[in-house]
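Single-structure report; data block below.
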Amino acid sequence: MTANLEVARKLLADAPNVVSFSGAGLSAESGIATFRDPDGVWKQVDPTVYASAQGFQSQPTAVSAWYAARRRTLADTTPNDAHRALARSGWQSHITQNVDNLLERAGAPNVVHLHGTLDSDRCHAGCGYVVAVDLARPPSLSTCPDCGAMLRPNVVWFGEMLPASAWATAESAIQRADVAVVIGTSAEVWPAAGLIAEARKVISVNTERTYAGRWATVELIGSAATILPMLVTAADPNIR
Ligand code: OAD
């Protein structure tokens with residue numbers, strides 16, 4: 001670990017352009033469950049119901065109530081040391097698969113959400129209506145004021161396209177970067193995981209080895225909230 005940490009620090013010290021690419025492990029130490037760990041979300045509920053358009057159409061009230069509970073949990077939590085380290089890192093952008101807003105609340109600039117966010121709803125029929133949601137007081141199932149269809153969380157579900165502008169921004173950022181720091185993702189969900197392959201150099205930060213390791217120049221095994229503050233301090237000695 002110590003040797004790998006030194007390799008990672010050297011890579012960052014020599015890299016003028018760094019991006020982060022994160023998954024659920026980044027927010028785990030804020031108390032937000034990951035998806036595929038043994039206590040993960042998809043071990044507790046069926047993603048074909050709670051993360052698909054078909055599931056929402058067949059059980060809209062249950063799906064809406066589940067997202068309301070997730071929103072309240074998010075409202076009650078705070079960024080952890082990993083989010084805070086990224087916010088002060090000076091790295092160019094922060095590409096995330098996470099639908100929480102903890103990077104923004106920590107003060108990170110240029111956050112790119114590949115899988116949407118929980119802080120808005122949109123028209124399920126795709127008429128274009130989008131409305132901000134108060135995470136502490138999330139709405140129950142409601143209808144689109146423009147077209148009357150159901151409103152749904154503004155997140156990407158299985159089988160759906162990623163937001164085109166977020167994808168274009170993320171791909172351009174990762175291709176320009178000298179190093180991508182990949183944090184807390186199983187790298188099992190595509191097309192997002194494919195972005196890692198486009199990076200010139202990859203530092204992987206995870207509590208275990210993952211598919212991201214196949215692209216990694218160096219793998220740091222440990223928790224994001226422990227490792228990221230060590231990396232960021234190394235990246236810029238003026239930052240504490
Ligand atoms: P996963 O649950 O698939 O993976 C979480 C990763 O975080 C695992 O590799 C863990 O080992 C790691 N991890 C857990 N705790 C950690 C910690 N404290 N520090 C560092 N790493 C830690 O989550 P994602 O890769 O984000 O999609 O999943 C990708 C997508 O699958 C999500 O965006 C979501 C889900 O279905 C949508 O909602 C569209």
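Right, CYS123: within 16 Å of PRO60 (Cα to Cα) and away from the ligand (no atom under 16 Å from the Cβ) or not?
So CYS123 fits the description; yes.
What do you reckon, is ARG152 assigned to a loop (DSSP other than H, G, I, E, B), more than 10 Å from the ligand (Cβ to nearest atom), modelled with pLDDT of 95 or more and surrounded by 14 or more Cβ atoms within 10 Å (Cβ to Cβ)?
Spelling it out, it is not the case that ARG152 is assigned to a loop (DSSP other than H, G, I, E, B), more than 10 Å from the ligand (Cβ to nearest atom), modelled with pLDDT of 95 or more and surrounded by 14 or more Cβ atoms within 10 Å (Cβ to Cβ).
Out of curiosity, is ALA173 more than 16 Å from the ligand (Cβ to nearest atom), surrounded by 18 or more Cβ atoms within 10 Å (Cβ to Cβ), modelled with pLDDT under 95 and of a type outside the set (Ser, Thr, Tyr)?
In short, no.
For GLY159, are the conditions met, namely being more than 16 Å from the ligand (Cβ to nearest atom), in a loop (DSSP other than H, G, I, E, B) and open to solvent by 50 Å² or more (accessible area, probe 1.4 Å)?
Judged against the criteria, GLY159 is not a match.
Looking only at segment 37-60, which residues are surrounded by 13 or more Cβ atoms within 10 Å (Cβ to Cβ), more than 10 Å from the ligand (Cβ to nearest atom) and part of a helix (DSSP H, G or I)?
Matches in segment 37-60: THR48, VAL49, ALA53, GLY55, PHE56, PRO60.
Of everything in segment 176-199 that's touching a residue at least 24 places away in the same chain (Cβ under 8 Å) and open to solvent by 50 Å² or more (accessible area, probe 1.4 Å), which residue is nearest to the ligand (Cβ to nearest atom)?
GLU188
Does PRO16 fit the bill of being farther than 19 Å from ASN101 by Cα, open to solvent by 30 Å² or more (accessible area, probe 1.4 Å), outside any helix (DSSP H, G or I) and in contact (Cβ under 8 Å) with a residue 40 or more places away in the chain?
Yes.
For VAL112, state whether it is surrounded by fewer than 19 Cβ atoms within 10 Å (Cβ to Cβ), touching a strand residue (DSSP E or B) at 6+ places or on another chain (Cβ under 6 Å) and part of a strand (DSSP E or B).
Judged against the criteria, VAL112 is not a match.
Of everything in segment 200-217, what is within 12 Å of the ligand (Cβ to nearest atom), touching a helix residue (DSSP H, G or I) at 6+ places or on another chain (Cβ under 8 Å) and within 13 Å of PHE21 (Cβ to Cβ)? Give them in sequence order.
If the condition is that a residue be within 12 Å of the ligand (Cβ to nearest atom), touching a helix residue (DSSP H, G or I) at 6+ places or on another chain (Cβ under 8 Å) and within 13 Å of PHE21 (Cβ to Cβ), then SER204, VAL205, ASN206, ALA212 are the ones that fit.
The values are calculated or read from the model by the stated rules, or taken from the named source; none is laboratory data. Worth saying up front: this structure is predicted, and the values here are computed from it rather than measured. Cβ sites come from the backbone with ideal geometry, for glycine too, and all protein chains shown count toward neighbours. Surface accessibility is based on the protein's heavy atoms, side chains included, excluding ligands, DNA and RNA. Shrake-Rupley method; radii C 1.70, N 1.55, O 1.52, S 1.80 Å.
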